[in-house]
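Before any comments, here is the structure.
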Amino acid sequence: MSKEDLRILVADDDAGARELISAILDAEGWPSPTTVEDGEEALRHIGQEHWDILVTDLDMPRMRGDELVVQALEEDPDLSIVVTTGDGTVGNAVDLIKKGATDFIAKPYDVDDFLASMERAKTRALGIHEVKGMRQTVEALLVALESKDRYLNGHSARVRDMAIKLGEISGLDRGQLRSLSHAALLHDIGKIGVHEDILNKAGALTDDEYEIIKKHPQMSADIIAPVPFLNPSLKGVLHHHENWDGTGYPEGLSGEQIPLMARIIAVVDAFDAMTSDRSYRGALSEADAVERIRAGSGSQFDPRIAQLFEQHKNEILEGEEVI
């Protein structure tokens with residue numbers, strides 16, 4: 001997708017301002033925007049169609065721009081919003097950015113400053129389109145993986161949901177939780193390169209088969225490495241089978257050498273595996289799985305994370321959470 005494909009909506013009660021914005025964008029090769037006179041009309045358009053960028057005035061009849069920002073983002077959280085206003089204080093700018101606006105520019109504005117704001121909104125909008133496309137690819141890979149191994153059906157999503165809640169309890173911020181969410185969802189994606197006979201084997205794996213299984217964290221990391229928005233999740237994927245005492249794989253990291261998101265995934269991944277049917281055994285009870293995590297605290301698992309999981313298990317298992 002290119003700049004020429006973007007859909008732009010302009011909301012301003014001043015006809016001259018609407019004409020000026022349209023003229024500036026047309027002169028610089030941007031797509032012609034759709035213009036409306038107030039926030040209510042803009043919100044109606046946003047509810048009916050997809051838009052990439054909203055340019056809105058702040059002081060408008062029927063619905064002010066700051067109210068429009070909030071309601072527009074409720075309709076479409078991916079919308080990029082540039083606010084233009086004659087009431088251009090630092091306080092207003094900070095407040096609007098907190099509410100989710102992409103940029104803020106005071107009237108009367110310099111044409112170059114306006115275009116710079118639009119470039120920032122464009123970069124964000126195009127990035128969102130790229131991320132959406134990549135997410136669709138990732139989802140297709142997960143479907144392919146879970147079709148190979150019937151015992152993994154729903155496993156990745158459950159591990160993600162539990163990891164997010166355990167991550168919140170562990171004190172991760174929103175950005176870290178987003179990276180954890182992606183890492184947990186994709187931690188087993190490398191198993192798509194493992195033969196079904198090994199993934200679904202009813203008995204114990206041979207040493208050679210186990211060595212193949214041990215390659216899946218590196219294979220998972222290799223699959224997601226070319227995807228820029230997944231780079232913060234790489235270490236969580238690569239190291240989710242490291243053990244606290246250094247006996248894990250692929251690099252034999254120990255203690256706090258292991259990334260925190262990987263230590264979180266290790267606990268919830270083990271819990272979900274133990275409480276699910278597998279080719280080599282039936283599901284354990286939740287109580288038995290918790291007991292095994294307790295027994296592995298300090299050897300396989302980070303003691304703090306294992307304890308937090310046990311203390312908050314019921315909360316962690318409730319519902320779904322998506323970042």
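Before moving on, here are some points about what is shown:
- Average projected area [Cα convex hull, the chain], square nanometres: 19.0 nm²
- Two-decimal ratio, the range 149-317, of alpha-carbon radius of gyration to 2.2 N^0.38 Å: 0.97
- Normalised contact order of the range 1-82, rounded percent, pairs of Cα under 8 Å and 6 or more residues apart: 33 percent
- Divide the volume of the convex hull around the Cα atoms of the range 3-128 by the residue count and you get 90 Å³ per residue.
- Scaling the Cα radius of gyration of the range 240-279 by the globular reference 2.2 N^0.38 Å produces a ratio of 1.22.
- In this Cβ point-charge picture (+1 for Lys and Arg, -1 for Asp and Glu), the chain has a dipole of about 1260 debye about its Cα centre.
- Projecting the Cα atoms of ALA106, SER22, VAL70 onto the charge dipole of the chain, computed from C-beta unit charges around the Cα centre, puts VAL70 farthest toward the positive end.
- For the chain, relative contact order (Cα pairs under 8 Å, six or more residues apart, normalised by length) works out to 12 percent.
- Note on the chain: helix-only mean residue ellipticity at 222 nm, from DSSP H runs of 4+ residues weighted -39500 (n - 2.57) and normalised by residue number, equals -17000 deg cm²/dmol.
- The magnitude of the dipole of the range 1-78, with charges of +1 and -1 set on the Cβ of Lys/Arg and Asp/Glu and taken from the Cα centre, is near 120 debye.
Values in this text are rule-based calculations from the coordinates and carry no lab data. The structure displayed is predicted, hence computed values, not measured ones. Quick reminder, even Gly has a Cβ in these numbers, built from the backbone with ideal geometry, and neighbours come from all protein chains shown.
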